[in-house]
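Heads up: the structure comes next, in structure tokens.
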Protein chains: 2
Amino acid sequence: MTDRVTIVGGGLVGALLGVVLAKRGASVRIYERRSDMRKAEVAAGRSINLAMSDRGLRALEVAGIAHDIRAISIPMHGRVMHDVHGNQTYQPYGLQGQFINSVSRAELNKTLLTVAERHGVEIIFDARCLNIDLESASATFLLHTGESITCHGDVLFGADGAFSAVRSRMQITDKFDYSQTYLEHGYKELHIPAGDLGAFQLEQHALHIWPRHSFMMIALPNLDGSFTLTLFFAHKGATSFDAIQTKEEVEQFFAEQFPDAVPLMPTLVEDFLANPESSLVTVRCSPWVMSDRVALIGDAAHAIVPFYGQGMNCGFEDCRVLMECLDHTNEDWPSALQLYQRMRKPAGDAIADLALANFIEMRDKVADPRFLWRKKIESWLFSAYPTKFIPLYTLVTFSDDVPYNEAKRIGLAQDMLMEQLMDIGSVIEDWTSDEAKEAMNSIMSALPDIIIDSGFPD
Amino acid sequence: MTDRVTIVGGGLVGALLGVVLAKRGASVRIYERRSDMRKAEVAAGRSINLAMSDRGLRALEVAGIAHDIRAISIPMHGRVMHDVHGNQTYQPYGLQGQFINSVSRAELNKTLLTVAERHGVEIIFDARCLNIDLESASATFLLHTGESITCHGDVLFGADGAFSAVRSRMQITDKFDYSQTYLEHGYKELHIPAGDLGAFQLEQHALHIWPRHSFMMIALPNLDGSFTLTLFFAHKGATSFDAIQTKEEVEQFFAEQFPDAVPLMPTLVEDFLANPESSLVTVRCSPWVMSDRVALIGDAAHAIVPFYGQGMNCGFEDCRVLMECLDHTNEDWPSALQLYQRMRKPAGDAIADLALANFIEMRDKVADPRFLWRKKIESWLFSAYPTKFIPLYTLVTFSDDVPYNEAKRIGLAQDMLMEQLMDIGSVIEDWTSDEAKEAMNSIMSALPDIIIDSGFPD
């Protein structure tokens, strides 16, 4: 490939896309609105660490940097639930030792930028996108010098995030479907520092959750022994950010709701009052591809809420699938982009839905006895019938090739199946009894294997 | 009221809003992007005539110009359905002689502008909105002289249509929900000229429909004896605008589908090939009011598809309800605007849904025997139990005060009731029989009267 590719946005997805295209031989330029983060401080208010799962890692393998990133990640093998009395319960992610990885957003991005440059990608920082010409795939940027430049290329990608300038330009063309929908909940980041000698003050290899029904707090470990906490909370109302404004209100709220965390948070009040309250948006749009040569990727195409930990993973998978679409079409860009859209638009819609639904599960259901009972049965079904029952969480998080839309479809079918199994008298009485297992076995053995459609044409 | 009000947009709703606010004493300025239409030709591609129903007329009464507009309207008392063989069937809108009014969009708009000026409204034409400051309710416009001016006021309204500049400014603030969704169908306007001596070549006092399941054509009469036709048709696909490109294809398609209309359309081929193919969008957003002093109204707040003939009527009703909100709050703008939003946002969402659903009814169901049978039973129910059963079309079109969201709610309940009544054996056999009437009477007499919530606080 000798094409000239312009990428608007040098965040996680833009940088990875630059790497994988440059590795194919493309001449790639990335224009990034912010300064070079390798030289400057990271902007506050963005999430500090992320959960990387198998999909993200697979895309990093395509880029040849999975090993480097694994070295700066902390495996999390399960969830630790903290109840309102400070009691903890542990739920492993899988019986085969499945795990997700806590990784620093900033370190990951810096690594990707450096690898991109190593592959010959030219990165122009402090370049604000002023306009896009969709027909010619050219883009005009304002530089920090005050100068404006226009970049001409064969193909242009908008990898410029949830508030994409490229998408804004598309939005004012005829017949462009678009929606942005905010949750009533926002989030605020808080902090548990490392203990003595850099010791982790909570279980290191876990994602911690304080589920409180209408809100929740989570914590992910950092390499330096600290944890980054995120409080997901309503913007307004009786129990909300709006209602907690003073030092006393912060202290009282945390003492009531998160008594076990408070002693670990010496800067709680300062952090709470100083850190920004961020909002959570879902963005959907269609088409993702215009003029056969301009395309959206990552959050620019499908900004989702963070509750499945799949935002970055989905964006990275976009890059991996795009490479397969180029393979599939002998690098004919118009065909490759159409195929990419056909594969990824349903996937983006599905993970957006799943992420919204998982907020309910994380904040509410993980503390519900019936839900926990169901999880145990699901775990047994998965081990007994691994080709006939795969838990939704496994399909989304521990698969690196099941399209999200297929995961959603299979998950819905399995929801119905679980409701049926959980209605069997012997299962209600004791699901581990021989009678219950026999009843479930007779149903399961009659079911066909799960067939997953990769989405690629034959 | 002595407030200074800025209105962005001098279309139908902006002009009417100017009139009703000026009549209260406000100092009103309207900024309109286009030239003064009273001096220039109307832009092609916008609908030439509109169906004004009771809601629109009521708002015009508030403005004191209902009489003038009635004088330039043509009452339409029912629908004339044209089948593929040219056979016509007539469905009156109501047994009490209900009608809607075909009125020229351009004449209506010109009248409203003139009346606005007569009430002291200052109208600045050729003024393109460049920016809005939401906090100060000020707006900057580029004039055709190249000069840019900033207008400061107490309150600012975005009445600038489906592609509102005011709403675009709101959209980039945090937590603004927004969606634009295009139909797969678009439309093209066509023409039946007047006959000899200005004679109408189709029944004058009717809305004509050529329902064809996946598409349809409609016609509304004009004062000069002509009809404006609108073909609603898929943009792409086997049967679509895309598939009809040549003179021969146009002729063949119309000869097959609209044989009775073809002889009346001497410029069919030229019109079809020359007139623009327009798209149909539904826009929803929230909030409509920001900073207590900037508000959206009309299509800027709720662009809907035209299939219930309520776009203008809804925008005019926005103005009428806003005046009632000002009355209700002693002209306290922040309270009035909050009340306006609370009343009208659910109404806007409801008529958007109803308009989408009515496309199916108009193009498909009006030719369906079961639907026609149901309409007859509904008509009898309405005459026998006028406080217990009011057809949805009547609630939407022949009411001037039932909120659209209440109409939708009642319509859904009545849908279920009708399905039940139409399942009664004697009704299936002959709904006019004594036995059937008795069965229905026993159900209806047990039902309570319909209660409609005006939405206003007590």
Subject >> Checklist (1) farther than 20 Å from B:Ser53 by Cα; (2) open to solvent by 60 Å² or more (accessible area, probe 1.4 Å) applied to B:Asp401, failing item >> reply: (1)
Original post:
For segment B:401-458, how many residues meet the condition of being part of a loop (DSSP other than H, G, I, E, B) and either small (Gly, Ala, Ser) or under 22 Å from B:Ala355 (Cα atoms) (or both)?
Top reply: 8
**OP:** Six or more apart or on different chains, Cβ under 7 Å: which pairs go from a residue in segment B:89-117 that's in the same structural domain as B:Arg29 (by TED's automatic domain parsing) to one that's of a type in the set (Lys, Arg) and open to solvent by 50 Å² or more (accessible area, probe 1.4 Å)? Could you list them?
**Re:** B:Arg105/B:Arg46; B:Lys110/B:Arg38; B:Leu113/B:Arg38
Original post:
Is it the case that some residue within segment A:44-55 is assigned to a helix (DSSP H, G or I) and within 24 Å of A:Asp401 (Cβ to Cβ)?
Top reply: yes
Subject >> Evaluation of A:His205 against (1) under 28 Å from B:Lys175 (Cα atoms); (2) modelled with pLDDT of 95 or more; (3) loosely packed, with under 15 Cβ neighbours inside 10 Å (one fails), failing number >> reply: (1)
**OP:** Kindly establish whether A:Ser291 is open to solvent by 10 Å² or more (accessible area, probe 1.4 Å), within 14 Å of another protein chain (Cβ to nearest Cβ) and in contact (Cβ under 8 Å) with a residue 40 or more places away in the chain.
**Re:** no
Original post:
Any chance segment B:364-380 includes a residue that's in contact with a strand residue (DSSP E or B) (Cβ under 9 Å, 6 or more places away or on another chain), of a type outside the set (Gly, Ala, Ser), open to solvent by 20 Å² or more (accessible area, probe 1.4 Å) and over 20 Å from B:Gly94 (Cα atoms)?
Top reply: yes
Original post:
Within segment A:140-163, is there a residue that is open to solvent by less than 40 Å² (accessible area, probe 1.4 Å) and out of contact with any strand residue (DSSP E or B) (no Cβ under 7 Å at 6 or more places or on another chain)?
Top reply: yes
Original post:
Mind checking which residues of segment A:407-450 are open to solvent by less than 70 Å² (accessible area, probe 1.4 Å), out of contact with any Asp or Glu (no Cβ under 6 Å at 6 or more places or on another chain) and more than 15 Å from A:Trp380 (Cα to Cα)?
Top reply: A:Ala407, A:Lys408, A:Ile410, A:Gly411, A:Ala413, A:Asp415, A:Ile424, A:Gly425, A:Leu447, A:Ile450
Subject >> Enumeration of residues in segment B:63-99 that are farther than 30 Å from B:Val262 by Cβ and open to solvent by 80 Å² or more (accessible area, probe 1.4 Å) >> reply: B:His67, B:Arg70, B:Leu95, B:Gln96
Subject >> Yes/no for B:Leu220 being surrounded by 17 or more Cβ atoms within 10 Å (Cβ to Cβ) and closer than 30 Å to B:Arg4 by Cα >> reply: no
**OP:** Can you run down the residue pairs with Cβ atoms below 6 Å, 6 or more apart or on separate chains, where the first is in segment B:401-420 and touching a residue at least 60 places away in the same chain (Cβ under 8 Å) and the partner is of a type outside the set (A, V, I, L, M) and open to solvent by less than 60 Å² (accessible area, probe 1.4 Å)?
**Re:** B:Pro403/B:Gly455
Original post:
Are any of the residues in segment A:219-228 under 25 Å from the mean Cα position of the chain (by Cα) and either closer than 30 Å to A:Leu21 by Cα or within 14 Å of chain B (Cβ to nearest Cβ) (or both)?
Top reply: no
Original post:
Say we look at segment B:318-341 and pick out the residues that are over 22 Å from B:Ser179 (Cβ atoms) and among the charged types (D, E, K, R); which of these is surrounded by the most Cβ atoms within 10 Å (Cβ to Cβ)?
Top reply: B:Arg320
Subject >> Enumeration of residues in segment B:8-19 that are assigned to a helix (DSSP H, G or I) and open to solvent by 10 Å² or more (accessible area, probe 1.4 Å) >> reply: B:Leu12, B:Val13
Original post:
How many residues are among the aliphatic types (A, V, I, L, M), modelled with pLDDT of 90 or more and not in a strand (DSSP E or B) if we restrict to segment A:80-104?
Top reply: 1
Original post:
Which pairs do you get when a residue that is more than 10 Å from chain A (Cβ to nearest Cβ), found in segment B:270-281, comes within reach of a residue that is open to solvent by less than 30 Å² (accessible area, probe 1.4 Å) and of a type in the set (Lys, Arg), reach meaning Cβ atoms under 6 angstrom, with the pair 6+ apart or on two chains?
Top reply: B:Asn275/B:Lys188
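For (1) at positive phi; (2) of a type in the set (D, E, K, R); (3) touching a helix residue (DSSP H, G or I) at 6+ places or on another chain (Cβ under 7 Å), each residue gets a yes or a no:
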{"position": "B:Ile360", "(1), (2), (3)": "no, no, no"}
{"position": "B:Ser383", "(1), (2), (3)": "no, no, no"}
{"position": "B:Ile390", "(1), (2), (3)": "no, no, yes"}
{"position": "B:Asp401", "(1), (2), (3)": "no, yes, no"}
{"position": "B:Ile410", "(1), (2), (3)": "no, no, yes"}
{"position": "B:Ala413", "(1), (2), (3)": "no, no, no"}
{"position": "B:Gln420", "(1), (2), (3)": "no, no, no"}
{"position": "B:Ile451", "(1), (2), (3)": "no, no, no"}
**OP:** Identify all residues within segment B:116-129 that are surrounded by 15 or more Cβ atoms within 10 Å (Cβ to Cβ) and of a type outside the set (A, V, I, L, M, F, W, C); write none if there are none.
**Re:** B:Glu117, B:His119, B:Asp126, B:Arg128
Subject >> Checking B:Ile132 against (1) under 30 Å from B:Gln201 (Cβ atoms); (2) open to solvent by less than 60 Å² (accessible area, probe 1.4 Å), the condition it does not meet >> reply: (1)
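The values are calculated or read from the model by the stated rules, or taken from the named source; none is laboratory data. Note that this is a predicted model, so its numbers are computed, not measured. Glycine also receives a Cβ, built like all others from the backbone with ideal geometry; neighbour counts cover every protein chain displayed. These accessible areas exclude ligands, DNA and RNA; they are computed on the full protein's heavy atoms, side chains included. Shrake-Rupley method; radii C 1.70, N 1.55, O 1.52, S 1.80 Å.
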